[in-house]
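Taking it in order: structure first as structure tokens, then the write-up.
The values are calculated or read from the model by the stated rules, or taken from the named source; none is laboratory data. Quick caveat: nothing in here was measured; it's all calculated off a predicted structure. Here the Cβ positions follow ideal geometry from the backbone for every residue, glycine too, while neighbour counts run over all protein chains shown.
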Amino acid sequence: MKRIGSISAIGILSVLLVTGCTIIGVPGFNIIINFVDASIDRMYVTNAGSDVIGTAQLDGSDSATLGVASLSDPIWIAVDPISRRMYVVNLYGNIAVAKLDGTGGTTLGVATLNDPRSVALDVADGKMYITNEGNDTVTVANMNGTGGTTLAIATLDNPQGIALDVASGKMYVANTDTNTVTVANLDGSGGVALAVATLSKPYGIALDLASGKMYVVNSDTNSVTVASLDGTGGTSYNLGGLLDGPRGIALDLVAGTMYVANRYSNTVVVANLDGTSATALDLGGVLDTPYSVCLGPS
């Protein structure tokens with residue numbers, strides 16, 4: 001188990017905590033948390049082919065499937081490690097939420113969704129951000145599904161993956177049709193397209209804020225582009241040739257590794273952040289058309 005931070009009673013936490021695809025807090029931002037053990041020890045993977053969530057230890061062992069109610073072609077997942085809940089995007093549909101053990105699944109009737117594709121959580125502010133492929137927008141809503149509002153962000157074009165930099169008040173969205181990344185304010189203003197070198201049909205995106213880097217999955221070239229947050233210095237890694245229809249990506253910044261979901265080979269590839277030492281994990285055969293992967297607690 002790789003522990004990022006913990007407190008055993010009500011207290012104040014003011015450090016940056018990341019679970020691969022969920023930002024919990026930001027430097028200097030105080031959050032009151034009760035009995036939290038924020039750790040990364042499992043991966044959660046959407047299985048679009050079988051309407052279940054695959055889960056395993058970070059080395060691929062102790063795998064299982066979670067039959068979550070309300071799943072229908074699940075394609076994207078984000079984890080709230082404080083409440084220990086998962087938020088899952090159903091293709092062409094809505095958002096399902098459940099406990100991390102798969103129980104308590106229900107559908108959130110989020111207003112303004114239009115062919116949703118991915119979700120990112122700002123747990124500190126109680127908000128979720130969802131990309132809409134149907135009308136090139138982002139929906140922002142409360143994490144209970146209420147208050148859905150459409151953000152018409154300049155330069156979005158077939159938006160897929162989304163990642164948040166809460167400390168800077170920014171979102172980053174991968175545009176599949178224009179091979180760009182849109183960076184905008186969290187209120188949707190100031191959208192600018194970054195022409196990042198080596199992008200080719202980008203899907204998933206994850207941020208290493210401490211190093212000022214973005215990691216973007218290229219579905220067309222079976223690679224991951226690493227670039228600065230301003231879009232410069234884009235370099236492509238093929239992860240040992242193990243990528244096959246890659247979609248989602250998650251980062252374990254403690255271990256210095258990335259996890260990429262392979263849609264076509266039913267595997268998750270784990271590699272160092274520089275693309276070396278790549279290994280394909282089949283999670284004991286529990287994967288079926290995996291789209292995205294997120295890291296979080298048990």
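Things to note:
- Looking across region 180-218, just one residue is surrounded by fewer than 20 Cβ atoms within 10 Å (Cβ to Cβ), under 21 Å from Y129 (Cβ atoms) and hydroxyl-bearing (S, T, Y), and that is S189.
- Every residue from region 275-298 that is of a type outside the set (A, V, I, L, M, F, W, C), farther than 23 Å from T65 by Cβ and without any contact (Cβ under 8 Å) to a residue 40 or more places away in the chain: T276, S277
- Just one of the listed residues (T198, T176, T182) is on the phi > 0 side of the Ramachandran plot and β-branched (V, I, T), and it is T198.
- Of residues in region 43-53 being of a type outside the set (D, E) and over 14 Å from the mean Cα position of the chain (by Cα), the one nearest to S298 (Cα to Cα): I53
Every residue, every condition in (1) without any contact (Cβ under 8 Å) to a residue 24 or more places away in the chain; (2) closer than 24 Å to M214 by Cβ; (3) touching a Cys at 6+ places or on another chain (Cβ under 6 Å); (4) surrounded by 18 or more Cβ atoms within 10 Å (Cβ to Cβ), yes or no:
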residue: D73; (1), (2), (3), (4): no, no, no, no
residue: D80; (1), (2), (3), (4): no, yes, no, yes
residue: V89; (1), (2), (3), (4): no, yes, no, yes
residue: G102; (1), (2), (3), (4): no, no, no, yes
residue: T139; (1), (2), (3), (4): no, yes, no, yes
residue: N144; (1), (2), (3), (4): no, no, no, no
residue: I153; (1), (2), (3), (4): no, yes, no, yes
residue: L156; (1), (2), (3), (4): no, yes, no, yes
residue: K170; (1), (2), (3), (4): yes, yes, no, no
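- Strands (runs of 3 or more DSSP E) within region 91-150 that include 2 or more residues over 29 Å from D177 (Cα atoms) and of a type outside the set (A, V, I, L, M, F, W, C): 106-108
- Of the residues making up region 35-78, those that are modelled with pLDDT of 95 or more, among the hydrophobic types (A, V, I, L, M, F, W, C) and assigned to a strand (DSSP E or B) number 11.
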